[in-house]
Amino acid sequence: MISASSAHTIQIPAAQSSRRFGGKDFLVILALLIVGAGFRWLAIPSHPVLETDACVYLVSGKNLVEGKGLTCIDGGPDLVNPPLFPLAAGLLYLAIGNLEYAGILTTLIFGSLIIAATWWLGWTLFRERRIAWGAALIVALHPRMVELSVESTSEALYIFVLIAAIGVFVS
(Lines give C-alpha, C1' and ligand atoms only; values in the text may rest on other atoms or scores of the structure.)
Protein backbone atom coordinates (compact mmCIF):
# COMPACT_ATOMS: atom_id res chain seq x y z
CA MET A 1 0.00 0.00 0.00
CA ILE A 2 1.23 3.45 -0.90
CA SER A 3 0.87 6.15 1.65
CA ALA A 4 -0.40 9.59 0.73
CA SER A 5 2.91 11.25 1.51
CA SER A 6 4.96 8.90 -0.66
CA ALA A 7 2.55 9.10 -3.59
CA HIS A 8 3.25 12.80 -4.00
CA THR A 9 7.00 12.59 -3.55
CA ILE A 10 8.90 13.55 -6.66
CA GLN A 11 12.28 11.97 -7.23
CA ILE A 12 14.72 14.42 -8.79
CA PRO A 13 17.51 12.58 -10.64
CA ALA A 14 21.11 13.51 -10.05
CA ALA A 15 22.55 16.16 -12.36
CA GLN A 16 23.31 14.89 -15.81
CA SER A 17 26.97 14.39 -16.66
CA SER A 18 26.66 16.99 -19.44
CA ARG A 19 25.98 19.64 -16.82
CA ARG A 20 29.23 19.15 -14.89
CA PHE A 21 32.61 20.64 -15.73
CA GLY A 22 35.34 18.01 -16.05
CA GLY A 23 38.80 17.26 -17.36
CA LYS A 24 37.44 16.58 -20.84
CA ASP A 25 36.07 20.14 -20.93
CA PHE A 26 39.48 21.56 -20.08
CA LEU A 27 41.11 19.56 -22.87
CA VAL A 28 38.52 20.72 -25.39
CA ILE A 29 38.95 24.36 -24.35
CA LEU A 30 42.73 23.97 -24.59
CA ALA A 31 42.40 22.41 -28.06
CA LEU A 32 40.11 25.23 -29.21
CA LEU A 33 42.56 27.81 -27.86
CA ILE A 34 45.44 26.16 -29.71
CA VAL A 35 43.48 25.90 -32.96
CA GLY A 36 42.17 29.45 -32.64
CA ALA A 37 45.60 30.88 -31.82
CA GLY A 38 47.04 28.91 -34.74
CA PHE A 39 44.55 30.39 -37.18
CA ARG A 40 45.30 33.83 -35.80
CA TRP A 41 49.06 33.28 -36.05
CA LEU A 42 48.69 32.22 -39.68
CA ALA A 43 46.67 35.38 -40.40
CA ILE A 44 49.42 37.75 -39.21
CA PRO A 45 51.41 37.91 -42.49
CA SER A 46 48.28 38.55 -44.55
CA HIS A 47 47.38 41.64 -42.53
CA PRO A 48 48.57 45.02 -43.83
CA VAL A 49 51.07 47.24 -42.09
CA LEU A 50 49.89 49.20 -39.04
CA GLU A 51 47.03 51.56 -39.66
CA THR A 52 46.58 55.06 -38.22
CA ASP A 53 44.67 54.01 -35.10
CA ALA A 54 47.23 51.32 -34.33
CA CYS A 55 50.06 53.86 -34.50
CA VAL A 56 48.27 56.15 -32.06
CA TYR A 57 47.49 53.28 -29.65
CA LEU A 58 51.02 51.92 -29.72
CA VAL A 59 52.79 55.26 -29.32
CA SER A 60 50.42 56.12 -26.46
CA GLY A 61 51.27 52.81 -24.80
CA LYS A 62 55.00 53.27 -25.28
CA ASN A 63 54.81 56.79 -23.84
CA LEU A 64 52.76 55.52 -20.90
CA VAL A 65 55.23 52.80 -19.88
CA GLU A 66 58.19 55.13 -20.40
CA GLY A 67 56.70 57.55 -17.87
CA LYS A 68 55.53 60.23 -20.30
CA GLY A 69 51.86 59.65 -19.54
CA LEU A 70 49.13 58.67 -21.95
CA THR A 71 50.20 61.01 -24.74
CA CYS A 72 49.74 61.01 -28.52
CA ILE A 73 52.34 61.10 -31.25
CA ASP A 74 52.47 64.91 -31.06
CA GLY A 75 53.09 64.83 -27.29
CA GLY A 76 49.62 66.08 -26.32
CA PRO A 77 47.40 64.09 -23.97
CA ASP A 78 45.46 61.20 -25.51
CA LEU A 79 41.94 62.06 -24.40
CA VAL A 80 40.02 60.11 -27.04
CA ASN A 81 41.32 56.54 -27.07
CA PRO A 82 40.68 53.91 -24.39
CA PRO A 83 43.75 53.40 -22.18
CA LEU A 84 43.67 49.63 -21.56
CA PHE A 85 44.96 48.51 -24.97
CA PRO A 86 47.84 51.02 -25.03
CA LEU A 87 48.77 49.94 -21.49
CA ALA A 88 48.75 46.22 -22.40
CA ALA A 89 50.72 46.81 -25.61
CA GLY A 90 53.15 49.09 -23.77
CA LEU A 91 53.83 46.47 -21.11
CA LEU A 92 54.41 43.85 -23.80
CA TYR A 93 56.70 46.33 -25.58
CA LEU A 94 58.84 46.49 -22.44
CA ALA A 95 59.17 42.71 -22.52
CA ILE A 96 59.97 42.22 -26.23
CA GLY A 97 61.34 45.59 -27.34
CA ASN A 98 59.40 45.86 -30.62
CA LEU A 99 56.36 48.12 -30.67
CA GLU A 100 54.74 46.66 -33.80
CA TYR A 101 55.04 43.07 -32.58
CA ALA A 102 53.80 44.14 -29.14
CA GLY A 103 50.60 45.48 -30.71
CA ILE A 104 50.05 42.38 -32.83
CA LEU A 105 50.79 39.99 -29.96
CA THR A 106 48.51 41.92 -27.60
CA THR A 107 45.55 41.53 -29.96
CA LEU A 108 46.51 37.92 -30.72
CA ILE A 109 46.56 37.04 -27.02
CA PHE A 110 43.27 38.73 -26.19
CA GLY A 111 41.67 37.60 -29.46
CA SER A 112 42.52 34.03 -28.50
CA LEU A 113 41.27 34.53 -24.94
CA ILE A 114 37.89 35.52 -26.40
CA ILE A 115 37.51 31.83 -27.29
CA ALA A 116 37.82 30.74 -23.65
CA ALA A 117 35.67 33.63 -22.42
CA THR A 118 32.94 32.70 -24.90
CA TRP A 119 33.06 29.06 -23.79
CA TRP A 120 32.81 30.16 -20.17
CA LEU A 121 29.89 32.51 -20.89
CA GLY A 122 28.04 29.76 -22.78
CA TRP A 123 28.68 27.33 -19.92
CA THR A 124 27.62 29.89 -17.31
CA LEU A 125 24.38 30.75 -19.07
CA PHE A 126 23.23 27.30 -20.23
CA ARG A 127 25.27 24.61 -18.43
CA GLU A 128 25.36 22.67 -21.67
CA ARG A 129 28.59 21.49 -23.27
CA ARG A 130 27.20 21.58 -26.81
CA ILE A 131 26.27 25.25 -26.53
CA ALA A 132 29.53 26.30 -24.87
CA TRP A 133 31.70 24.34 -27.33
CA GLY A 134 29.68 25.50 -30.34
CA ALA A 135 29.95 29.15 -29.36
CA ALA A 136 33.69 28.83 -28.71
CA LEU A 137 34.20 27.00 -32.00
CA ILE A 138 32.45 29.76 -33.93
CA VAL A 139 34.65 32.39 -32.28
CA ALA A 140 37.78 30.31 -32.89
CA LEU A 141 37.17 29.86 -36.61
CA HIS A 142 35.10 32.81 -37.78
CA PRO A 143 37.15 34.78 -40.35
CA ARG A 144 36.24 38.20 -38.94
CA MET A 145 37.17 37.13 -35.40
CA VAL A 146 40.49 35.81 -36.71
CA GLU A 147 41.15 39.06 -38.58
CA LEU A 148 40.14 41.13 -35.56
CA SER A 149 42.70 39.24 -33.50
CA VAL A 150 45.68 40.38 -35.57
CA GLU A 151 44.81 44.07 -35.97
CA SER A 152 46.59 46.32 -33.50
CA THR A 153 43.41 47.94 -32.27
CA SER A 154 41.47 47.82 -29.03
CA GLU A 155 38.52 45.73 -30.28
CA ALA A 156 39.85 42.28 -29.29
CA LEU A 157 40.66 43.46 -25.78
CA TYR A 158 37.30 45.23 -25.51
CA ILE A 159 35.37 42.14 -26.63
CA PHE A 160 37.30 39.95 -24.18
CA VAL A 161 36.63 42.31 -21.27
CA LEU A 162 32.97 42.65 -22.27
CA ILE A 163 32.35 38.89 -22.47
CA ALA A 164 34.23 38.29 -19.21
CA ALA A 165 32.25 41.04 -17.46
CA ILE A 166 28.94 39.62 -18.66
CA GLY A 167 30.05 36.19 -17.47
CA VAL A 168 30.94 37.54 -14.04
CA PHE A 169 27.66 39.45 -13.85
CA VAL A 170 25.45 36.46 -14.67
CA SER A 171 27.34 33.87 -12.60
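The values are calculated or read from the model by the stated rules, or taken from the named source; none is laboratory data. Computed from a predicted model, the values in this text were never measured in an experiment. Glycine also receives a Cβ, built like all others from the backbone with ideal geometry; neighbour counts cover every protein chain displayed. These accessible areas exclude ligands, DNA and RNA; they are computed on the full protein's heavy atoms, side chains included. Shrake-Rupley method; radii C 1.70, N 1.55, O 1.52, S 1.80 Å.
Do we find a residue being under 15 Å from the mean Cα position of the chain (by Cα) and among the charged types (D, E, K, R) anywhere in region 45-52?
Initially, region 45-52 is screened for residues under 15 Å from the mean Cα position of the chain (by Cα), giving none.
No, region 45-52 contains no residue that is under 15 Å from the mean Cα position of the chain (by Cα) and among the charged types (D, E, K, R).
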(request) Check residue 78 against each of (1) in contact (Cβ under 8 Å) with a residue 24 or more places away in the chain; (2) open to solvent by less than 30 Å² (accessible area, probe 1.4 Å) and name the one condition it does not meet. (result) (1)
(message) Among (1) aliphatic (A, V, I, L, M); (2) modelled with pLDDT under 90; (3) under 19 Å from residue 128 (Cα atoms), there is one condition residue 2 misses while meeting the rest; what is its number?
(response) (3)
(request) Take region 86-112 and flag every residue that is in a helix (DSSP H, G or I), over 21 Å from residue 34 (Cα atoms) and without any contact (Cβ under 8 Å) to a residue 12 or more places away in the chain. (result) 95, 96
(request) Working only within region 109-132, note down all residues that are charged (D, E, K, R) and open to solvent by less than 50 Å² (accessible area, probe 1.4 Å). (result) 128, 129
(request) Determine if region 51-68 includes at least one residue that is over 19 Å from residue 134 (Cα atoms), among the polar types (S, T, N, Q), at pLDDT 90 or above and crowded, with 16+ Cβ neighbours inside 10 Å. (result) yes
(request) Exactly one condition in (1) farther than 21 Å from residue 40 by Cα; (2) in a helix (DSSP H, G or I); (3) out of contact with any helix residue (DSSP H, G or I) (no Cβ under 9 Å at 6 or more places or on another chain) is not met by residue 144; state its number. (result) (1)
